[in-house]
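The values are calculated or read from the model by the stated rules, or taken from the named source; none is laboratory data. As the structure is a computational prediction, the values presented were derived from the model and not from experiment. Cβ: placed from backbone, ideal geometry, glycine included. Neighbour counts: every protein chain shown. Ligands, DNA and RNA are excluded from the accessible area calculation, which covers all protein heavy atoms including side chains. Shrake-Rupley method; radii C 1.70, N 1.55, O 1.52, S 1.80 Å.
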Amino acid sequence: MAAARPPEDPRPAAVTFITTEHFTLQGARASTISESTGRASMFLGAVSGGLVALGLIATASRVGTAFYAFGLVLLPTLTFVGFLTFERALQSGMEDLGYAHRIARLRSYYFDEAPELTSYLMSVPGPEPLRVLGLWAGRWQAFRTVAAMVAVITAVLGGSAAGLLIAVASDHSLALALVAGGVLALAALGTMMRLQQLAWERAASGPVSSNAPSEPQEACSANR
């Protein structure tokens, strides 16, 4: 690494910019995480309040017409809100992933310009920086995200709405309602998890954008 180091130390302005950009990206990551958890909390609060209200209606009407009417309005509404929350949580997750990639690139600059820091800073090759940043922890990582949690709850809500509708249409056939609700819930969950996987693959394969002029880009490529 010492042989590849430029003959002169980097300009103070460049060092200041890189460190400022690093802290700015860390703050941006914190903002995306905060937004994801905030939206998920709002969604869970709406689901909790709606289910409590549905239980009160069931007690008051003894699972009568009012219960079915209220449930067929409430559950699809919560499902719709869940889909929107899932989409935004997934967008925030992709933004967080992009910020993490850019932070990893800045860390490589530190090691290139100051190799004497290698023994003091954690340095890992290839895609390993994402593991260090907590963005990948094995094949089940897809189910550990905020978007996946929202997807599971939304799928259950959608399946419950479909089961309730089938129960009303089939003269309260429990078996038919369970089968229809379960199939719809699994299909919805599979679709949302597939959308998340595709978003991850696009984010992982896409290049990190740069607004630098062409000449500095060529010089940077030559240094690599």
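Scanning for something within 30 Å of SER160 (Cβ to Cβ) and either part of a helix (DSSP H, G or I) or open to solvent by less than 60 Å² (accessible area, probe 1.4 Å) (or both), does region 1-17 turn up at least one residue? Steps first, please.
At the first step, the residues of region 1-17 found to be within 30 Å of SER160 (Cβ to Cβ) are none.
Scanning region 1-17 turns up no residue that is within 30 Å of SER160 (Cβ to Cβ) and either part of a helix (DSSP H, G or I) or open to solvent by less than 60 Å² (accessible area, probe 1.4 Å) (or both).
GLY50 - would you say it is under 19 Å from LEU165 (Cα atoms), buried (at least 18 other Cβ atoms within 10 Å of the Cβ) and of a type outside the set (Lys, Arg)?
Values: under 19 Å from LEU165 (Cα atoms): yes; buried (at least 18 other Cβ atoms within 10 Å of the Cβ): yes; of a type outside the set (Lys, Arg): yes.
Taking the combined requirement at face value, the residue satisfies it.
For residues in region 169-195 being modelled with pLDDT under 90 and not small (Gly, Ala, Ser), which is farthest from the chain's Cα centre (by Cα)?
Here the residue is ASP171.
Can you tell me which residue within region 69-110, out of those that are touching a residue at least 60 places away in the same chain (Cβ under 8 Å) and β-branched (Val, Ile, Thr), is surrounded by the most Cβ atoms within 10 Å (Cβ to Cβ)?
Step by step, filter region 69-110, then rank; the result is THR85.
Need pairs with beta-carbon distance below 8 Å; first residue within 16 Å of ALA66 (Cα to Cα) and within region 159-178, second among the hydrophobic types (A, V, I, L, M, F, W, C) and open to solvent by less than 70 Å² (accessible area, probe 1.4 Å); sequence gap 6+ or separate chains.
ALA161/LEU72; ALA161/LEU75; LEU164/LEU72; LEU164/LEU75; LEU164/ALA177; LEU165/LEU72; ALA167/ALA177; VAL168/LEU72
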